[in-house]
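Chemist: Before anything else, here's the structure in question.
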Amino acid sequence: MTSPTSLAITPDNIDLGAFLSELRLWVEMETPSHDAAAVNRLVDHVEGYAKTAGLEIERRAGTLSFGDILIVRTPRPEGTNARRIQILAHLDTVHATGTLAGPLPLRQEGDRLYGPGIYDMKAGVLMAVEAMLLAMRAGTHLPIDLLIVPDEEVGSKSSRPVIEELARDAAYALVVEPARDGGKIVTARKGVGMFDITVRGRAAHAGVRPLDGRSAIRAAAQLVLDIEALNDAARGITVTTGMIQGGTGRNTVPAECRLQIDLRLPDAAMAAEVIGKIEAMCPTDPDISFEISGGLNRPPFAQSPEGASLFETAADIAARLGIALEGMATGGGSDGNFTAALGVPTLDGLGADGAGAHTYDEHILVSSLAPRTALLANMLVSLDRNG
Ligand SMILES: [Zn+2]
């Protein structure tokens, strides 16, 4: 731990001008998740940048048609096999190519720097690289791995095995996703579940033989009410039928109806409970059938005692930087859900402060960059094996 009076790294140690010109290059390279070639152009650039700065690189070829995965490491001291600090980041964005030339040009207005993916989360990736370099110079207790993935915005399907592989010997996971309103960091995230349900009945002419039909839409309507009855605001469980589709025409008793369900679940016990209830749903009419598929996409990331003490460490460093750090729980998922579910103390939202993620209002607050990079760098320096 750092001494109570001094910090190893202060915001003055960050060259903000150099940071901003590098960040502009990153934002100018658009990286929609599904365009592997575009993502890899930025991966090439970040790889070169980190290598030149003295960090070690492992690059793994993309799978499932996504871009490559980059692991940026501090050099390991000889003969150590200490557990590591894992930093989690992504280079893909939700914005399509052309956003920069269209609705969201890279531009500064006062303290706000706008651009696609700048807040979620290219600024956070660069903050992580800079913090690693500062921590290296100041001396760290633990080796640091920065894992940069290409598909976080679409569920991290290609990255999840690597995230979990590296998490197995991680002492801590720090996620440089953007800070939440007012610079808050994220200490808990709900799990995210998805179900697709097809309800099948029997078609019939609505005028000639209505009694022969079994309406899939009527059965689906009842099913929506039964599923949404699982909502429990007091416990933080939310269940939403986001899409419904069915029928073939006005005068036909509908044979089929499809539902898309979204679940947000605060902890593993509640996830098992709600998912079990949905999987057990069955029609009362023997001529109706349900085909239910899906489950948990990202496990819940609940506040653990180790996570709480990691937050205390961060809040203590932040206070000495003049930042009043607040934690919060959110219903949105991130790759921190995977590490927390494996029991790794995880803090999320350590990236830049700003607003407008996933919208054309996306921006960072330039004034947040140096203090929050210093916060991250001091955490890297002060965390030891016992926290
Ligand atoms: Zn993100």
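Chemist: Per residue Cα convex hull volume for the stretch 191-298, in cubic angstrom? List each step's numbers first, then the result.
Modeler: On the way: hull volume 9.2 nm³, N = 108.
Taking the convex hull of the Cα positions in the stretch 191-298, it is 86 Å³ per residue.
Chemist: Also: How much FRET efficiency would the formula 1/(1 + (r/R0)^6) give for residue 324 and residue 111, where r is the Cβ-Cβ distance and R0 is 25 Å, rounded to 0.05?
Modeler: FRET efficiency, residue 324 to residue 111: 0.85.
Chemist: Continuing with the same structure: Using a 7 Å offset from the Cα along the Cα-to-Cβ direction at both residue 202 and residue 277, what is the distance between the two label points in nm, to one decimal?
Modeler: It is 3.2 nm.
Chemist: For the chain, what does the relative contact order come out to in percent, with C-alpha contacts under 8 Å and a separation of six or more?
Modeler: Details: 877 pairs, mean separation 94.5, N = 387.
Contact order relative to length: 24 percent.
Chemist: Now for a different question. When DSSP assigns beta bridges and you keep just the ones with both residues in the chain, what percent turn out antiparallel, to the nearest 5?
Modeler: Around 75 percent antiparallel, to the nearest 5.
Chemist: Which one, 288, 158, 199, is farthest towards the positive end of the dipole of the chain when Lys and Arg carry +1 and Asp and Glu -1 on their Cβ?
Modeler: The one lying farthest along the dipole's positive direction is 288.
Chemist: Which order do peptides 198-204, 318-324 fall in by mean Cβ count within 10 Å, highest first?
Modeler: Final packing ranking: 198-204, 318-324.
Chemist: Might you report the magnitude of the Cβ-based charge dipole of the stretch 191-298 about its Cα centre, with Lys and Arg at +1 and Asp and Glu at -1, to the nearest 20 debye? Could the numbers behind the result be given before it?
Modeler: On the way: 11 positive and 13 negative charges, 69 e Å.
Dipole of the stretch 191-298, to the nearest 20 debye: 340 debye.
Chemist: Here's another thing I want to ask about it. Ranking request for peptides 359-372, 270-283: highest mean number of other beta-carbon atoms within 10 Å first, then the rest in descending order.
Modeler: Packing order, densest peptide first, comes out as 359-372, 270-283.
Chemist: Suppose we keep just the DSSP beta bridges with both residues in the stretch 23-149; what percent of those would be antiparallel, to 5?
Modeler: 65 percent
Chemist: Then there is this: Over the chain, average the accessible area per residue using a 1.4 Å probe and give it in Å², no decimals.
Modeler: Each residue of the chain exposes 42 Å² on average to a 1.4 Å probe.
Chemist: If we sort 107-114, 21-28, 149-156, 242-249 on the protection proxy, mean other Cβ atoms within 10 Å, highest first, what's the order?
Modeler: Ranking, from highest mean packing down: 149-156, 21-28, 107-114, 242-249.
Chemist: Between residue 83 and residue 244, what is the label-point separation in nm under the 7 Å Cα-to-beta-carbon projection?
Modeler: Output for this residue pair reads 4.8 nm.
Chemist: Students often get this wrong, so check it: of 51/184; 122/157; 157/190, which have C-alpha atoms separated by over 23 Å? Mind showing how you got there, number by number?
Modeler: On the way: 51/184 32 Å; 122/157 20 Å; 157/190 18 Å.
Long pairs (Cα-Cα over 23 Å): 51/184.
Chemist: With the full set of protein chains in place, find how many percent of the accessible area of the chain is carbon and sulfur; take the probe as 1.4 Å.
Modeler: 52 percent
Chemist: Suppose every K and R has +1 on its Cβ and every D and E has -1 on its Cβ; what is the size of the dipole of the stretch 154-202 about the Cα centre, in Debye to the nearest 20?
Modeler: 360 debye
Chemist: I need the fraction of alpha carbon pairs in the stretch 48-179 separated by more than 17 Å, rounded to a whole percent.
Modeler: 62 percent
The values are calculated or read from the model by the stated rules, or taken from the named source; none is laboratory data. Predicted model only: the values in this text are computed from it and were never measured. For neighbour counting, all protein chains shown are included, and Cβ atoms are generated from backbone atoms with ideal geometry for every residue, glycine included. With ligands, DNA and RNA removed, areas are computed over all heavy atoms of the protein, side chains included. Shrake-Rupley method; radii C 1.70, N 1.55, O 1.52, S 1.80 Å.
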